[in-house]
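Heads up, the thing below is written out as structure tokens.
No lab work stands behind these numbers, since they all come straight from the coordinates. Source: prediction; values computed, not measured. Neighbour counts are summed over all protein chains in view; Cβ atoms, including those assigned to glycine, are modelled from backbone coordinates with ideal geometry.
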Amino acid sequence: MVQKSVSSSPAKFDPKKRLTRSHRSTRTGISTPAHYNHQLDKLLIELSGTMASLSDERVDHVLIDTLRRLVEDLGADRSVFGFFRLASSELTMTHCYARPDIPHIPVSAMTQQFPWLLKELGWGEVLRFSRPDDLPPTAAALREYCRQQGLLSGVVLPLCTHGPSRFTLAVSSLTKNLLWPNSIVRPMWLIGNLLASSVIHRRQETDRLNEAGVTSVEEHQFVDSVMESMPGNFFVMDDHGRLVRWNHNLERVYGFSAQELSGMDGAERLTPKDRAKHETMIKACLLTGSAVCAYEGRTKDGQRIPFQTRAVRTRIGNGIYIVCVESDMSEQRRTEDQLRQLSGCLIGNQEKERHRLAQELHDDISQRLALLAAQFDLFSQTSRDGGENAPDLDSMVNRLLDNIRGLASDVQKMAYGLHPAKLDQLGLPAALRSLCRDIGNLKRFRIRCFVEDITRGIPPQIALCFYRLAQESLHNVVKHSAATEVSVKLDIQGSELCLIISDNGVGFDPESESIRNGLGIVSMKERLRQVSGEFLLQSKSGCGTRIEARVPWAGASKV
């Protein structure tokens, strides 16, 4: 889908105001954006320390290496850096990196065939698309170019302006469909502007005698803008660990004023037990060039916050400095605690299920087998003795057969509960119809089943995931909803397989802690995560419940 940011002025690009729309990560092919954020943050920190002391001869090398790392870190195929002149509709690609099996875009190739794209970039709009068909009708030329070149998805970022030109950074994929969430685009924009700033600086040095260049004030404003856009707390220390520069977020989080932070020993922000860790981080960074440290920060009012800091050594002029990004780990700690609780719940439920099966086998199946053995023994004795007083052998045989059939049926149901054989033999649509019919007949309420006949085999892991979701959802309806009507729908929407289960029951509050941390909802989400799917839950007290599961499947087709 094409996603643009609303621009109020063509002259200035504000990432805080522009990159505000959310994305559905399950459709991007990127299941864990946080992993990519970690890579991009690391690259951004390294570039922040490198660019300050970068010689003109090294600019091209660092630029190409950065394009390579963007491709590798994002799982993309090609990245391009260049500039365009809106007045002449000329687009120039100056640097390109592509994977070994992906063709390069010719460097210095000029083109005038994308006026729509240049106009959008000129107004500071970020262009991102997951499929060529998502591009608007006004971008017909760009859409056709994507199809001819095999481009499946991409993002194009307008960067800082230099004279009549505006720099641009583009990343694209020829092998998979990707979406580009704000959490990834924002650090990409910062990285691109650092590269553009280095190119501008080189041009300024080259043409210093012919043009005035960017003033010192403007350069400081640009650096301040980059610092304020950095995620988390961004600060710079001297080689003794004293704070020399920082963003406003550091003041906001810790509650100290700029005057209080100026010259403060960085360890003073930490709890006493963790100050030694801070000193060790500084020594390691000065010695090796980089370091990572986890510690607890202490705010001015005494609140404790877990942080992780990534530090990079850099030289500015004649001084050695340490550039740091400090990330709040509170949410990660809460997630880890929830995972530990979930692990305990999973183990407990596993033991309960084993106990249930053992009890059922001992109290039911084994007792009935013992009864059958006694009946067979009686039948054997009766058939040997014969005589007029012997019971009716035919009647005895029929009772034995009835008991055997009942036992076989119960064992089959038990096995089906552990793994549905119909799912393997007949496929997901037939298994869902059978599940709806069995539960509807057993519980005596109406289940409307709208299941499309899928002509191509659904991958086993997706089929089992959807079946278990339907099984868990219907059991929850039976136990909790007091519903009189339930709807189960399986169909194909675009390139996704979609399962929707809704009821007219009493509903519940999805935001309540018992629901969010409940094993049923968590297990559904986890099953879908394993197949790169998306889980949506809608419910309200007195208004029923709707559960929707979507999984990308390129082989989807209907009868």
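One chain, two ends: Q425 and Q461. Fully extended at 0.36 nm per residue, the span grows by 11.5 nm beyond their Cα-Cα distance. Model label points for L286 and C543, set 7 angstrom from Cα along the Cα-to-Cβ axis, are 6.1 nm apart.
Using 0.36 nm per residue and subtracting the Cα-Cα separation, the extra length available between R405 and E485 on full extension is 25.4 nm.
Pairs K422/K479; K300/K525; K42/K540; K176/K489: which are spaced more than 31 Å apart, C-alpha to C-alpha? Before the final figure, lay out each step's value.
On the way: K422/K479 25 Å; K300/K525 39 Å; K42/K540 42 Å; K176/K489 28 Å.
Listed pairs above 31 Å: K300/K525; K42/K540.
Rounded to the nearest 0.05, the FRET efficiency derived from the C-beta distance between Q39 and E260 at R0 = 45 Å is 0.85.
Report note on the peptides 193-200, 429-436: ranked by the mean count of other C-beta atoms within 10 Å, highest first, their order is 193-200, 429-436.
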